[in-house]
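Let me begin by presenting the structure, written as structure tokens, before commenting on it.
What follows is calculated from the coordinates using simple rules that are stated; it is not laboratory data. Treat the numbers as computed from the prediction; the structure is a model and nothing was measured. Heads up, the Cβs are rebuilt from the backbone with ideal geometry, glycines too, and the neighbour counts pull from every protein chain shown.
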Ligand SMILES: Cc1cc2nc3c(=O)[nH]c(=O)nc-3n(C[C@H](O)[C@H](O)[C@H](O)COP(=O)(O)OP(=O)(O)OC[C@H]3O[C@@H](n4cnc5c(N)ncnc54)[C@H](O)[C@@H]3O)c2cc1C
């Protein structure tokens, strides 16, 4: 039986992979400033994603027969952690790799697996998540986009919003209504794959406060999809999406969104030999919290390895993790404000400025704090 310590450690054979990744990333990202690194899994670079694919690092846990590397979940944890910690621009392939590939592997037909998954692993097919709609975010079961089954396939109408990188993706996997009415809630929802180049699809990027257009609105006007667009079983979309969200929330990305700032600040502290007791106590407290969160995140990976659903545990880590990511920004900003003699580089200030603008989104994307707490309460039998 595994001890508690083993739950929170990467097994030695999979940990060895870290050195190879670090060497690659040190070289690939050596000239990238911190404020660019701060975009990390919101930063897109198709060429960088292709380079990772050439290394065999997309679809790491996907079986070799579908073009993946057939490695374990701990190896994927190590890879994700290194990519995030180094601020690698991974957004182009992140969703396809993290959840669309595994979703298709689990629910897709053999033809869908053969068609999409090898291209995901080669960095040739990027996916986005079509869940939220203008008046349906937390209340996802109230979505109104509808695909009607006809003899020639599905006809899709409606819209999605806040779709990360839709303008840079080839496909969307969308949750849509295929039967019943909005009042039927979870019943009658299905997942479909939409080729975003099809006639009737309009993708309109939305600029965020930092000036980046990283997400989009997507409109569907009588979009004709083949029968093969359906993923899994018609009407079972809710259960499939719940499983997909567990993949979405299970990785270490909910801990490391502000890590570029921590690294940049620590580097400056070392260079200026700032080691007074108050500063050391703050650094120690932040790093202790990060290490605890990392251990929790690894315990979620252990659940994936054991073939168990990490849904509740991942919600706990995401709730605490995003809290930490936001606290890091606040604490470093406060520290800078109370140390006027400290020389902050333009890069440090830009990194802080970017994260101060974006930090609020960390506890919204992937399910808000309140929604996660509801899931945790349900897991405890309280709802
Ligand atoms: C950076 C970013 C990227 C995103 N990317 C995607 C994406 O790729 N694909 C996608 O589909 N969506 C995406 N989203 C959308 C995201 O999933 C939604 O913003 C989120 O689910 C909240 O929905 P909402 O914005 O409609 O807010 P609302 O649901 O209107 O919530 C507003 C507030 O009310 C609270 N609230 C709502 N219901 C309850 C309740 N029952 N009990 C207690 N409090 C409640 C919420 O917690 C929140 O604080 C993204 C969002 C962001 C910020």
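Helix 311-337 and the longest principal axis of the C-alpha atoms of the chain enclose an angle of approximately 40°.
Subtracting the Cα-Cα distance of residue 339 and residue 204 from 0.36 nm times their residue separation leaves 44.3 nm of extension gain. Spatially, the range 71-89 and the range 146-208 are offset by 30 Å when compared through their Cα centroids.
For the chain, the 222 nm mean residue ellipticity estimated from helices alone, with every DSSP H stretch of n ≥ 4 adding -39500 (n - 2.57) and the total spread over all residues, rounds to -14500 deg cm²/dmol. Sorted into 5 angstrom bins from 0, the C-alpha pair distances of the range 4-125 split as 2, 11, 21, 23, 18, 13, 8, 3, 0 percent. Taking the inverse of the mean reciprocal distance over all distinct Cα pairs, the Kirkwood hydrodynamic radius of the range 78-151 comes to 14.6 Å.
Take every pair of alpha-carbon atoms less than 8 Å apart whose residues are at least six positions apart; their mean separation over the length of the range 297-371 yields a relative contact order of 32 percent.
Structural size metrics of the range 294-383, computed from C-alpha coordinates, are Rg and Dmax of 17.1, 53 Å.
Counted residue by residue at 0.36 nm each, then reduced by the alpha carbon distance between them, the extension gain from residue 224 to residue 277 reaches 12.6 nm. Could you tell me whether the range 178-280 comes out rounded, prolate or oblate from its Cα gyration tensor? Rule is a ≥ b ≥ c as square roots of the eigenvalues, rounded for a/c under 1.5, then prolate if a/b exceeds b/c, otherwise oblate. Because a/c hits 1.5 or more and a/b exceeds b/c, the range 178-280 counts as prolate.
Our analysis of the range 245-299 gives Rg over Rh at 1.09, with the two radii drawn from alpha carbon positions and Rh computed by the Kirkwood formula.
The calculated Kirkwood hydrodynamic radius for the chain is 21.7 Å, given to one decimal from all distinct C-alpha pairs.
May I ask for the angle, rounded to the nearest 10°, between helix 17-28 and the longest principal axis of the chain, with both axes built from Cα atoms and the value confined to 0 to 90°? That works out to roughly 80 degrees.
Estimated from the Cβ-Cβ distance and a Förster radius of 22 angstrom, the FRET efficiency linking residue 150 and residue 233 is about 0.70. Going by neighbour counts of Cβ atoms within 10 Å, the residues 339, 167, 93 line up, fewest first, as 339, 167, 93. Rounded to the nearest 10 degrees, the angle from helix 277-305 to the longest Cα principal axis of the chain is 30 degrees.
Entry note, the chain: relative contact order of 17 percent, from Cα contacts under 8 Å with a spacing of 6+ residues. Taking one quarter of the surface of the convex hull spanned by the alpha-carbon atoms of the range 128-236 gives a direction-averaged projected area of 6.5 nm².
The slack in the chain from residue 370 to residue 288, taken as 0.36 nm per residue of separation less the alpha-carbon distance, amounts to 27.0 nm. The share of alpha-carbon pairs in the range 147-195 lying farther apart than 14 Å comes to 58%.
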